[in-house]
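Right, one structure below, let's go through it.
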Amino acid sequence: MGVSIVDEQDRHSFDRQYLTAAINQVLELLEVNDLLLEVTIVDDARISQLNAKCFGRERPTNVISFPQDLDHGLLGDVVISAETVARETVDQGYSIEESLLYYAIHAMLHLLKYEHVGVSQEIADEMYQKQDELFEQVLSLSL
């Protein structure tokens, strides 16, 4: 099925075609390309609302993921704040598309039951290593 990207913010323009292709490549590498993933790009105000509603934290965050029903072909919903992502990655030399991809990968791994909070450092490191490997694999492709 692949990815559907919705852009609900106007602060950071990005190449939707590249981001769609890159996320679809990650889904293929994770062997879940038969599932639908919805990615919504928002601003800090919107992600702050979601963060407060879902986690009681009244502040922006980079990404939030919401698992869906795998039995019905839905991997989940991912909400990414373009503002927060841009702030967090401004010094790392990545484009906005690459930065959005990095956090989308992070969220996809959460949807596939990878975790880094409330687990051993070894388990957290496994998630971060997988995230970095997938990111580097996709960046090495010419999309």
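Throughout, read-outs are computed from the coordinates displayed, never taken from laboratory work. Everything numeric here is computed off the predicted structure, so don't read it as measured data. Neighbour counts are summed over all protein chains in view; Cβ atoms, including those assigned to glycine, are modelled from backbone coordinates with ideal geometry.
Using only side-chain charges placed at the Cβ, +1 for Lys and Arg and -1 for Asp and Glu, the dipole size of the stretch 2-139 relative to its Cα centre rounds to 440 debye. Helical content alone sets the calculated 222 nm signal of the chain at -15500 deg cm²/dmol, taking -39,500 (n - 2.57) per DSSP H segment of four or more residues and averaging over every residue. Residues LYS130, LYS53, ranked from the fewest to the most other C-beta atoms within 10 Å, line up as LYS53, LYS130. Sites listed here are GluC sites (Glu not before Pro) in the stretch 14-85 whose DSSP assignment is loop and whose Cβ has at most 12 other Cβ atoms within 10 Å: GLU31, GLU58. Other residues whose C-beta falls under 11 angstrom from the C-beta of ILE105 contribute a net charge of -3, scoring Lys and Arg +1 and Asp and Glu -1.
In plain terms, the chain from LEU139 to LYS113 could stretch by 7.0 nm, reckoned as 0.36 nm per residue minus the Cα-Cα distance. Compute the Cα gyration tensor for the stretch 2-139, then decide on rounded, prolate or oblate, letting a ≥ b ≥ c be the square roots of its eigenvalues: rounded whenever a/c is under 1.5, prolate when a/b is larger than b/c in the other cases, and oblate in all that remain. Since a/c stays below 1.5, the shape of the stretch 2-139 is classed as rounded. When restricted to Cα atoms, the stretch 66-127 yields an Rg and a Dmax of 13.5, 41 Å, respectively. Looking at the stretch 11-84 alone, DSSP beta bridges between its own residues are antiparallel in about 40 percent of cases.
Its Cα centre serving as origin, the stretch 62-122 has a Cβ charge dipole (Lys and Arg +1, Asp and Glu -1) of approximately 40 debye. For the chain, a Gaussian network of Cα nodes joined below 10 Å ranks LEU112, LEU36, LEU19 by mean-square fluctuation, and the top entry is LEU112. Legend: calculated FRET efficiency, VAL6 to GLU122, from the Cβ-Cβ distance at R0 = 30 Å, rounded to 0.05, equals 0.25. Extension gain, PHE66 to ARG87, is 5.2 nm, computed as 0.36 nm per intervening residue step minus the present C-alpha separation.
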